[in-house]
Amino acid sequence: MEDFKFSTLEYTRPDCEGFAAFAAETKERIEKAGSYAQAREAMLAYDERGKDFSTTCTIVHVRHTLDTTDVFYEKENEYIENTYPTLMPSFLGVNEALMNSPFRADFEKEYGKQFFVKMDLSKKKFCEANIPLMQQEAKLCNEYQKIMATAKIPFDGKELNLYGVQKYFEHEDREVRKGAVRAYSEFYHKNEPRLEKIWDELIRIRNEMGRNLGYENYIPVAYMEQGRTDYGQKEVESFREQVHTVLVPLCQKLYEAQAKRLGVEDFAFYDEKRVFPDGNAVPAGDDDFMVSEAAKMYHEMSPETGEFIDFMIRHELMDLKNKPGKASTGYMTDLPSYKAPYVFSCFNQTIFDMQVLTHELGHAFAGYMAMRSQPISDYYSESTDIAEIHSMSMEQFAYPYAERFFGDQADKFRFAHLQEALTFVPFGVAVDEFQHICYANPGLTPKERTLEWKKLEEKYMPWRAYEPDGFFDRGGYWYHKLHIYLYPMYYINYTLTTMGAMEFKKKEREDHDSAWADYLNLCKCGGSMSYLETLRYANISDPFEPGSVARAVGVARDELMGSPFMA
């Protein structure tokens, strides 16, 4: 295992029937256990088998997204996605045996109360009637992802994918920017009929899942899927309102200053990514240069991050270059049998590449630490609302090293990155509210849903202006956000955790050693605690408390508003 490389890992289709049989055997062993030691031994053996199964499934997923045109891995991915839901009753049987075990108190004493909280959540969000619906859902999501991955957009005499054309959103020539956004918009407009139907079907299928579980719609199930146990819709709504009252006016000022810098009176969407009139910061070297500098940065950052980046490079656990057929996404996943994170993205020679090397590797570092700190694989990963704090905070911890990647443009990078960290939040809460509207109002037509997005842009992004009568101007911009299709109710996590990241920024400025110690604790605890418990453990504030948004963004606001770039 020490010598493995991801590219040469052998793949054999997982024995789903064998794993289900092993789960049934484990259930019986736990039920018949005469001591805690026997029950614990059965649970740990099952955990090891589960890690092997999960690792094999991850290999398929990664190789499928690396090349969505590879028929073999497309079929293997389809097989797993169709088969996995049918295994859920066997998995839940093991959980049931543990929950009913006379040694439950012993398990909770050793592994904490979250051990059973997660099991209870799994029980509540599953019923056998949803198995065929989960299979249909996976098929539709794969279709959406393939449409995105195989995009071929003619522009600038080239055939570009979605990441490739977005590079032009920062171009010095305003007409080129405008043309790039138009080409990007036309891709979604052209595919609108099928994208409408996919979304319509996903809403229908997911709401049926919710009704099968006794709910009015899918929203409560989505919250459970995200691992939310100590807050709900009411708290999320209050957070969105804080963003509306506190951040939207600040973002308006930031974009007004940007329009002044650019010398444009009719500031438009295609100007948003052009932060400076003389050009945005661009990486000082190619893809390999960026990875090489990242390795140096992580070695200087801490002994733990140095060990981590060496592990990632040695075992080929990153694929970052943009290639035809590669899924248009970025993610971190893990191979639990190897205690190995894996990072996937598509570089496009903009500051986005630096974000990948900090954001996704922030996720990966947290996984690396949790897999070496937690006793069971259930705790290797945390709820999604915690996960994004790891990644966004790592982006902030990387600020002192910006010169390595951008040379004399480092200050430009830091300003643009920080501005985007804040201006993103209103968009993020709009995505969340849009999903709530769609699932709560399934009778809306596709065009009515798109109009709802237009209203949300007017509420949360009043500065935004597209080409008059263009597809995006009519509300079509939401189609580009793959999370809406693939990861229901996930997107609010980015906004909640921006508050945590901004708090780490403030703490680091006051006391780096203390801030880094809290960050390491956050990474090591994995999924062993609930959301609010984890925040308290890492000395991070509750983002739902009144006034929390204003307090969290205070340092970033002052830094941006006091910057020479705002003059």
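Could you give every pair whose Cβ atoms fall below 6 Å, whose first residue belongs to the range 222-248 and is more than 24 Å from residue 422 (Cβ to Cβ), and whose second residue is outside any helix (DSSP H, G or I) and charged (D, E, K, R), counting only separations of at least 6 or pairs across chains?
224/125
What are the residues in the range 443-466 that are over 25 Å from the mean Cα position of the chain (by Cα), touching a residue at least 40 places away in the same chain (Cβ under 8 Å) and in a helix (DSSP H, G or I), if any?
Answer for the range 443-466, where residues must be over 25 Å from the mean Cα position of the chain (by Cα), touching a residue at least 40 places away in the same chain (Cβ under 8 Å) and in a helix (DSSP H, G or I): just 446.
Name the pairs whose Cβ atoms lie under 6 Å apart, with the first residue in the range 421-433 and polar (S, T, N, Q), the second at pLDDT 95 or above, and 6 or more positions between them or separate chains?
Going by the 6 Å Cβ cut-off, the qualifying pairs are 423/251.
Looking only at the range 241-290, which residues are loosely packed, with under 15 Cβ neighbours inside 10 Å and of a type in the set (Ser, Thr, Tyr)?
245
Please determine whether any residue of the range 338-352 is surrounded by fewer than 22 Cβ atoms within 10 Å (Cβ to Cβ), touching a Ser or Thr at 6+ places or on another chain (Cβ under 7 Å) and more than 28 Å from residue 71 (Cα to Cα).
No.
Does residue 156 qualify as being at pLDDT 95 or above and farther than 27 Å from residue 527 by Cβ?
Values: at pLDDT 95 or above: yes; farther than 27 Å from residue 527 by Cβ: yes.
Criteria met by residue 156.
Over 21 Å from the mean Cα position of the chain (by Cα) and part of a helix (DSSP H, G or I) - does that describe any residue in the range 473-484? Steps first, answer last, please.
Just the residues of the range 473-484 that are over 21 Å from the mean Cα position of the chain (by Cα), to begin with: 473-476.
So of that shortlist, the ones also part of a helix (DSSP H, G or I) come out as 476.
Yes; the residues of the range 473-484 include at least one that is over 21 Å from the mean Cα position of the chain (by Cα) and part of a helix (DSSP H, G or I).
If you go through the range 240-282, how many residues are touching an Asp or Glu at 6+ places or on another chain (Cβ under 7 Å), over 26 Å from residue 429 (Cα atoms), modelled with pLDDT of 95 or more and part of a loop (DSSP other than H, G, I, E, B)?
Of the residues in the range 240-282, 1 are touching an Asp or Glu at 6+ places or on another chain (Cβ under 7 Å), over 26 Å from residue 429 (Cα atoms), modelled with pLDDT of 95 or more and part of a loop (DSSP other than H, G, I, E, B).
Looking only at the range 143-181, count every residue that is in a helix (DSSP H, G or I) and touching a residue at least 40 places away in the same chain (Cβ under 8 Å) and tell me the total. Break it down into steps so the answer makes sense when it comes.
Step one: filter the range 143-181 for residues in a helix (DSSP H, G or I), giving 143-149, 162-170, 174-181.
Retained after the next criterion (residues that are touching a residue at least 40 places away in the same chain (Cβ under 8 Å)): 143-149, 162-164, 166-167, 169-170, 174, 177-178, 180-181.
Final tally of qualifying residues: 19.
Might you let me know whether the range 366-385 holds any residue that is closer than 28 Å to residue 227 by Cβ and touching a strand residue (DSSP E or B) at 6+ places or on another chain (Cβ under 6 Å)? Break it down into steps so the answer makes sense when it comes.
As a first pass, look at the range 366-385 and keep what is closer than 28 Å to residue 227 by Cβ: 366-385.
Restricting the remaining residues to those that are touching a strand residue (DSSP E or B) at 6+ places or on another chain (Cβ under 6 Å) gives 367-368.
Yes, the conditions are met somewhere in the range 366-385.
Conditions tested, residue by residue: (1) buried (at least 21 other Cβ atoms within 10 Å of the Cβ); (2) outside any helix (DSSP H, G or I).
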{"position": "375", "(1), (2)": "no, yes"}
{"position": "395", "(1), (2)": "yes, no"}
{"position": "410", "(1), (2)": "no, no"}
{"position": "419", "(1), (2)": "yes, no"}
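Return the residues of the range 283-313 that are within 26 Å of residue 371 (Cα to Cα) and part of a loop (DSSP other than H, G, I, E, B); say none if nothing qualifies.
302
The values are calculated or read from the model by the stated rules, or taken from the named source; none is laboratory data. None of these values were measured; they are calculated from a predicted model. Note that each Cβ is placed from the backbone with ideal geometry, even for glycine, and that neighbours are counted across all protein chains shown.
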